[in-house]
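The values are calculated or read from the model by the stated rules, or taken from the named source; none is laboratory data. On a predicted model such as this, the values are computed, not experimentally measured, just so you know. Heads up, the Cβs are rebuilt from the backbone with ideal geometry, glycines too, and the neighbour counts pull from every protein chain shown.
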Amino acid sequence: MWPDSHQRASGKTGAVQIQRYGFHGLSCESIVRQLGNAVPGKLLIAHLGNGASITAVKDGKSIDTSMGLTPTGGIIMGTRSGDLDPGVLIYLARRKMLNADQLEDLVDRHSGLLGVSGVSADLRDLHKVANSKPDARLAIDMFCYSAAKQLAAMSVALGGVDTIVFTGGIGENDARARALICGHLGAIGVHLDAARNRDARDLISDDVSQCQVRVLPSQEDEQIARQTWTFH
């Protein structure tokens, strides 16, 4: 991880060292493999599904990710909160008397799209009721804004961006979500072609976009098989 994979904290019990781990490594590895010799120097991978993350890949190597020690951090997800002010957890512990197990259950299983919408953790369900249920519309908007903000931030980590790849269940199949996310990214030169985005056959950016936007399948199972074969 970059710039430092270890975060340190000190207190009455002394220094504590925690490693920022990150997730979706197999998915990212499969994307880099699919790109092959054409892998760009500055690549952003948006793995969007029930779990979601943005990974910055420079010259074929991951240098930053939106997730941290656990897969709860970063983007708002199906049932996970994403990034959260630590003071919220302190407030809930002090004022609502929630213990560690209850806090974990709250931020991992009852937050995110489900918590905001009060309807579902599945973006497909939220699209169906977005016009009649404001909280469902809000959950969609928050998810897409959260993803766009992380993509823009990761472009800073890379010093620019050559290609954005959408993958994962939402990334591969939800044209509306991709359009909403990329609609926030005009500042970094991202422009979609509406017809290409609907078809989702690899390239979905238009001809004036300053970076390519592509849709590629997450081949995690195949990547596991490849690694198993390699180490067999």
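Which residues, taken from region 163-182, are in a helix (DSSP H, G or I) and touching a helix residue (DSSP H, G or I) at 6+ places or on another chain (Cβ under 8 Å)? Scanning region 163-182 gives Gly168, Ile170, Gly171, Ala175, Arg176, Ala177, Arg178, Ala179, Leu180, Ile181, Cys182. So, in region 190-232, of the ones that are among the hydroxyl-bearing types (Ser, Thr, Tyr) and surrounded by fewer than 17 Cβ atoms within 10 Å (Cβ to Cβ), which residue ends up farthest from the chain's Cα centre (by Cα)? Selected residue: Thr230. Close Cβ contacts (under 8 Å, 6 or more residues apart or on different chains) running from residues in region 102-117 that are within 14 Å of Ile140 (Cβ to Cβ) to residues that are of a type in the set (Ser, Thr, Tyr) and at pLDDT 95 or above comprise Gly112/Thr79; Gly112/Ser81; Leu113/Thr79; Leu113/Ser120; Leu114/Thr79; Leu114/Ser120; Gly115/Thr79; Gly115/Ser81. Scanning region 68-112 for residues that are of a type in the set (Val, Ile, Thr) and out of contact with any strand residue (DSSP E or B) (no Cβ under 6 Å at 6 or more places or on another chain), we see that the one that is farthest from Leu126 (Cα to Cα) is Ile90. Within region 207-228, residues that are in a helix (DSSP H, G or I) sit with their Cβ atoms under 7 Å from residues that are at pLDDT 80 or above and hydrophobic (A, V, I, L, M, F, W, C), at 6+ positions apart or across chains, in these pairs: Glu220/Leu26; Gln223/Leu26; Ile224/Leu26. Of all residues in region 84-131, those being in a loop (DSSP other than H, G, I, E, B) and either modelled with pLDDT under 95 or surrounded by fewer than 15 Cβ atoms within 10 Å (Cβ to Cβ) (or both) number 8.
The residue that is surrounded by the most Cβ atoms within 10 Å (Cβ to Cβ), counting only those in region 166-189 that are among the hydrophobic types (A, V, I, L, M, F, W, C) and more than 12 Å from Phe143 (Cα to Cα), is Phe166. The set of residues from region 49-68 being closer than 18 Å to Ile188 by Cβ and assigned to a strand (DSSP E or B) comprises Ile54, Thr55, Ala56, Val57, Lys58, Ile63, Asp64.
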